[in-house]
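What follows is a single structure, written as structure tokens, with notes after it.
The values are calculated or read from the model by the stated rules, or taken from the named source; none is laboratory data. Not measured: the values here are computed from a predicted model. Neighbour counts run over all protein chains shown; Cβ positions are idealised from the backbone, glycine included. Accessible surface areas use protein heavy atoms only, side chains included; no ligands, DNA or RNA. Shrake-Rupley method; radii C 1.70, N 1.55, O 1.52, S 1.80 Å.
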Amino acid sequence: MTIKELFAPSDMTTGTPWKKILLFTVPMLIGNIAQQLYSTADSVIVGKYIGDNALAAVGSAGPVYNLLLVLFMGISVGASVVVAQYFGAKKREDLSIAIGNCLSLTFIASAIIMIIGAFAIRPLLELLQTPASIIDWCESYLMILVMGIAGTSYYNILTGALRGLGDSFSALIYLLIATVINVILDIIFVGPMQMGVAGAALATIIAQIISAFLAFLKLKSLSSTFDLKWKYLKPNKFHALNVLKLGLPSGITQAIFSMAMILVQSLTNSFGEQVIAANVIIMRVDGFAMMPNFSFGTAMTTYAGQNVGAGKLDRVSKGAKQGTLMAAGISAFLTCMILIFGRSLMGIFTETETLVDMSRGLMNILAVGYIAMSVTQCFSGVMRGAGDTMTPMWISLATTVAIRVPVAYGISFLTRTPELPTGDYRCVFISLLVSWLLGACITTLCYRKGKWRRLAQERFGSAEQA
């Protein structure tokens, strides 16, 4: 493969399925790892320069920020699915209108979230019972992220469109550049300039604006594939609703997940600053462990979308099996690494021995769940790519709201003692493992039931396998 081909849109409707999926996934995996470095760099640098309380503040801000981002996540998923289907079906005009409408929807959504976020941040943090010792840091960190949300949202939407076209390599290059900038600015702002957690947030926003600008320039250069003109930015009812119809269930899924995280974060906060800090460390390592699963899930969305658009449903099924096996194998390897090197990983974030030991023990609870999540992400990705975005939403609703939250609070209540007035802090992680395992079982059953296949046949029909 030449350098030019790496940066070009990729047709995933021909060739060996597992090779196409792997070639698409690897750059995206590296990119997702780089993106995870944004928050990890914030945590490491803040923890080392300021202390464990500042580390807890950055982590406590995460669920609130994710809740504010859910609308963009939905539009991004809708963009990937629609772009993949129209690209697979070779419908240039529809592809151009769809991408233009995604850009317009993002502009409107960014303005709304900036306004809502400015007024909602402090009340949300108070609702979460965020400790007084860190609430001001949390607020300043979140306020800067929200004011710069357009950079983050446009990066997600633009790279979503690029992924739909089968180009995961360009996003990787831009993200690597932005990650380096983010780390450098983190060190400068938090270190010599002593801007605290606000400096970490500012560094993240500047880096994401740069990556969004680079992704826009790339899309603008693809004139041989689609047209990016002013007339296509005008909202089109059919295409805008189509993007929202396919994307909002994923956005709602993320909203449900974020709300469940907020409820669990409130429980976590009740255990005190050290447990909060341990949770931050776990979630940072978790972010890297989940990257293969998310990457393969997104790859399966693009792969399924393009092949559904081309009417090659048998090829979708074949690729789903091969992609899931690859994802599960990689997750199994990472699980072994976490179990073997867990203590060293935790030591990156803090030098407090008790915090390292606590984090390692909690990480061991979650380890095997990553294999289950690989199955969930791959089969959910296939369903979304085929246009069935509702089923993954209902599964997420069941596992996060009906299972995880009650299990977490139930264990906390049942383990209360005079020595542990709020119960066993491990309940937060046991409940997460239970939800992952059950989620994998439910997702597999729904995939096999085949609603996604019926929806795909209704919209694009079926063609002879190439």
Might you check whether a residue that is at pLDDT 85 or above and out of contact with any helix residue (DSSP H, G or I) (no Cβ under 8 Å at 6 or more places or on another chain) occurs anywhere in segment 189-211? no
Tell me which helices (runs of 4 or more DSSP H) are completely within segment 217-334 and hold 3 or more residues being among the β-branched types (Val, Ile, Thr) and modelled with pLDDT under 80, or say none if there are none. 237-269
List pairs: first in segment 162-186 and without any contact (Cβ under 8 Å) to a residue 24 or more places away in the chain and assigned to a helix (DSSP H, G or I), second of a type in the set (A, V, I, L, M, F, W, C) and crowded, with 22+ Cβ neighbours inside 10 Å, Cβ under 6 Å, 6+ apart or cross-chain? Leu185/Ala203
So how many residues does segment 441-459 have that are open to solvent by less than 60 Å² (accessible area, probe 1.4 Å), assigned to a helix (DSSP H, G or I) and either of a type outside the set (A, V, I, L, M, F, W, C) or touching a Gly at 6+ places or on another chain (Cβ under 9 Å) (or both)? 6
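Among Gly311, Gly297, Gly329, which is the only one that is in contact with a helix residue (DSSP H, G or I) (Cβ under 9 Å, 6 or more places away or on another chain), on the phi > 0 side of the Ramachandran plot and not basic (Lys, Arg)? Before you say what the answer is, go through the steps one by one.
On the way: Gly297 fails: on the phi > 0 side of the Ramachandran plot; Gly329 fails: on the phi > 0 side of the Ramachandran plot.
Every option except Gly311 fails the conditions.
Looking only at segment 406-424, which residues are outside any loop (DSSP other than H, G, I, E, B) and not hydroxyl-bearing (Ser, Thr, Tyr)?
Kept after step one, since they are outside any loop (DSSP other than H, G, I, E, B), are these residues of segment 406-424: 406-414.
Pro406, Val407, Ala408, Gly410, Ile411, Phe413, Leu414, listed by residue number.
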Every residue from segment 338-366 that is exposed (fewer than 13 other Cβ atoms within 10 Å of the Cβ), out of contact with any helix residue (DSSP H, G or I) (no Cβ under 8 Å at 6 or more places or on another chain) and in a helix (DSSP H, G or I): Ile340, Phe341, Ser344, Glu353
Residues that are in a helix (DSSP H, G or I), open to solvent by 60 Å² or more (accessible area, probe 1.4 Å) and closer than 30 Å to Asn307 by Cβ, drawn from segment 90-114: Arg92, Glu93
